[in-house]
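Structure, as structure tokens:
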Amino acid sequence: MQIAYTVEEVRKQVKEWKKEGLTVGLVPTMGYLHEGHASLMKKAVEQCDRVVTSVFLNPIQFAPNEDLESYPRDFEADCKLCDSIGVNLVFHPEPSEMYAPDFCTSVNMDILTTTLCGKSRPTHFGGVCTVVNKLFNIVAPDRAFFGQKDAQQLAVIRRMVRDLNMDIEIVGCPIIREEDGLAKSSRNTYLNSEERQAALILSKAIFMGQQMVADGETSAKAVRDAMVAKIESEPLAKIDYVEVVDGITMQPVETVASPTLVAIAVYVGKTRLIDNFIVD
């Protein structure tokens with residue numbers, strides 16, 4: 001497995017692969033990889049001849065008061081996991097490699113980014129769209145792989161690819177959960193033992209909402225109200241949002257029908273966690 005630190009290294013290698021007629025897959029990550037990331041890389045290895053995983057903690061998608069400095073890092077472990085799965089190249093640039101000192105170009109999106117995480121983190125998706133656009137330009141993948149846990153991000157990337165006529169297939173992959181139901185996340189490491197137990201309220205609310213829909217409930221308000229009540233039963237949990245939105249536009253809906261996204265963001269202690277389910 002090759003490790004590349006510069007744009008030039010990545011482009012040189014990808015050009016060689018393309019000359020051989022090989023397909024290239026990209027798995028963008030911020031590092032501190034877990035089984036959720038592993039599932040994306042495994043899918044990429046299955047579907048593509050060569051796979052690039054980027055490990056880049058993107059500074060421009062963090063607001064000044066967010067956890068950029070404390071975000072967990074373990075590049076050595078990340079490389080071992082990538083190598084064990086069959087990733088061919090890890091791209092691990094410094095921020096200065098991705099953003100020149102006078103960098104002043106960004107990719108922004110309306111509508112899809114005004115709700116959910118975009119409402120509470122208004123600068124976040126501008127940073128996401130910009131860095132993903134740059135990674136697409138650097139790697140020129142045939143397919144790129146993203147997890148459903150970040151469902152709004154997945155919808156935003158799909159829309160960006162469509163709106164900007166990018167010749168890339170976006171592959172969404174299911175949420176990977178711990179045995180007790182908690183969605184895998186690098187931020188789970190922030191939780192102490194009491195908070196870790198309390199965090200299960202997210203998946204409990206998600207599973208309850210799923211069951212309500214499976215049993216025939218079509219009122220978005222009824223599903224949302226029940227999930228809010230469930231989360232509020234946990235003293236350590238503080239709701240950022242519980243929303244029922246159109247799965248494509250990310251705008252609120254009154255009726256649960258395909259495609260609908262039911263998404264939550266909850267603070268457990270100081271840690272903000274997200275989870276969701278899709279009605280499709």
Could you please give the count of residues in segment 247-280 that are farther than 21 Å from A237 by Cβ, in a strand (DSSP E or B) and among the β-branched types (V, I, T)?
4
Quick check, is A257 in contact with a Cys (Cβ under 8 Å, 6 or more places away or on another chain), closer than 18 Å to Q152 by Cα and at pLDDT 95 or above?
no
Exactly one of (1) farther than 20 Å from G147 by Cα; (2) open to solvent by 40 Å² or more (accessible area, probe 1.4 Å) is unmet by I248. Its number?
(1)
Any residue at all in segment 149-170 that's touching a strand residue (DSSP E or B) at 6+ places or on another chain (Cβ under 6 Å), under 24 Å from V244 (Cα atoms) and not hydrophobic (A, V, I, L, M, F, W, C)?
yes
Out of (1) modelled with pLDDT of 95 or more; (2) farther than 20 Å from D142 by Cα; (3) not basic (K, R), the odd one out for V90 is which?
(2)
Go through the residues of segment 213-222 one by one and say whether even a single one is part of a helix (DSSP H, G or I) and open to solvent by 50 Å² or more (accessible area, probe 1.4 Å).
yes
Residues in segment 129-158 that are under 26 Å from F277 (Cβ atoms), open to solvent by 20 Å² or more (accessible area, probe 1.4 Å) and without any contact (Cβ under 8 Å) to a residue 60 or more places away in the chain: how many?
2
Every residue in segment 227-250 that is out of contact with any strand residue (DSSP E or B) (no Cβ under 6 Å at 6 or more places or on another chain) and touching a residue at least 12 places away in the same chain (Cβ under 8 Å), please.
K230, S233, E234, P235, D246, I248, T249, M250
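The values are calculated or read from the model by the stated rules, or taken from the named source; none is laboratory data. The model shown is predicted, which means the values in this text are computed figures rather than measured ones. Cβ: placed from backbone, ideal geometry, glycine included. Neighbour counts: every protein chain shown. Just so you know, the surface numbers come from the protein's heavy atoms only, side chains and all, with ligands and any DNA or RNA stripped out. Shrake-Rupley method; radii C 1.70, N 1.55, O 1.52, S 1.80 Å.
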